[in-house]
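The values are calculated or read from the model by the stated rules, or taken from the named source; none is laboratory data. None of these values were measured; they are calculated from a predicted model. Positions of Cβ are generated from backbone atoms using ideal geometry, with glycine treated the same way; all protein chains shown enter the neighbour counts. Each accessible area value is taken on the protein alone, full model and side chains, heavy atoms only, with ligands, DNA and RNA left out. Shrake-Rupley method; radii C 1.70, N 1.55, O 1.52, S 1.80 Å.
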Amino acid sequence: MSEQTNETADDTAFDANHFRSVMGHFPTGVTVVSGIATDGTPHGFTIGSFTSVSLDPPLVGFLPQIDSGTWAAMAASGSFCVNVLSDQQSDLCWKFAKSDNDATRFDGVDWHAAPSGSPILDRAVAWIDCSVEHVYDMGDHHFVLGRVGALDADADHDGLPPEPLLFFKGALGGFSAEG
Ligand SMILES: Cc1cc2nc3c(=O)[nH]c(=O)nc-3n(C[C@H](O)[C@H](O)[C@H](O)COP(=O)(O)O)c2cc1C
């Protein structure tokens, strides 16, 4: 049986830039994770680390930075909604990733409330509405585990099939099916 180890960053033979660069070779989808603060204002940030975790019970997760102001603002509500962005929503990807614009990220963005109250962004490819099951601290990130309460996909995109936005090596692109 293999043994698990907990090496610290000091034991590694590579720097943070190399780590970031190699990880950038793993393509991801792009989501905006949204929630409502205790004062009723909507908050959200661009998240690529979204993953499905379990079918029974239905669990998903994502990893915000420990010092994320957006996560701090929405955490108290105990819920969040994952919005899978379409290839027509690259502007939202950058808008919700910019720092120091927390108060204006939703300006000009059409949304309606999911059952939890968290924002569903109009014209997203899919949305997944969750209650927070547990928050684990992992290095410089939290892992937020959510229990799915409601979800839907394939909203109308003017009769066209919705296409997802993809992120690879720091750039955005689209998906093309083979065959
Ligand atoms: C494509 C893409 C994916 C991202 N994925 C994550 C992620 O998984 N976790 C994270 O903490 N930040 C991620 N970010 C960065 C955050 O969106 C960015 O730091 C944002 O400003 C955080 O908001 P805050 O400062 O209000 O917490 C991503 C950015 C981009 C462009």
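Counting the residues of region 83-105 that are outside any loop (DSSP other than H, G, I, E, B) and more than 26 Å from ARG147 (Cα to Cα) gives 6. Of the residues making up region 27-72, those that are near the ligand (Cβ under 6 Å from one of its atoms), open to solvent by 30 Å² or more (accessible area, probe 1.4 Å) and among the polar types (S, T, N, Q) number 3. Just one of (1) free of Cβ contacts under 8 Å to residues at least 60 places away in the same chain; (2) within 9 Å of the ligand (Cβ to nearest atom) fails for PRO115. It is (2).
Of all the listed residues (ASP100, ASP91), the sole one being charged (D, E, K, R), without any contact (Cβ under 8 Å) to a residue 60 or more places away in the chain and within 20 Å of LEU166 (Cβ to Cβ) is ASP91. For region 124-149, the set of residues classified as surrounded by 17 or more Cβ atoms within 10 Å (Cβ to Cβ) and in a loop (DSSP other than H, G, I, E, B) consists of ALA124, VAL125, listed by residue number. In summary, GLY108 fulfils each of the numbered conditions (1) farther than 16 Å from ALA37 by Cβ; (2) in contact (Cβ under 8 Å) with a residue 40 or more places away in the chain; (3) part of a loop (DSSP other than H, G, I, E, B) with the single exception of condition (2). If I filter region 93-107 for residues that are within 14 Å of the ligand (Cβ to nearest atom), open to solvent by 50 Å² or more (accessible area, probe 1.4 Å) and closer than 21 Å to THR51 by Cα, do I get at least one hit? Yes - at least one qualifying residue is present in region 93-107. Residue by residue through region 122-145, note down the ones that are of a type in the set (Phe, Trp, Tyr) and within 30 Å of ASP156 (Cβ to Cβ). Within region 122-145, TRP127 is the sole residue that qualifies.
Among the numbered conditions (1) hydrophobic (A, V, I, L, M, F, W, C); (2) open to solvent by less than 50 Å² (accessible area, probe 1.4 Å); (3) without any contact (Cβ under 8 Å) to a residue 60 or more places away in the chain, the only one that ALA177 does not meet is (2).
Going residue by residue through region 153-163, is there one that turns out to be among the acidic types (Asp, Glu), touching a residue at least 24 places away in the same chain (Cβ under 8 Å) and in a strand (DSSP E or B)? No, every residue in region 153-163 fails to be among the acidic types (Asp, Glu), touching a residue at least 24 places away in the same chain (Cβ under 8 Å) and in a strand (DSSP E or B).
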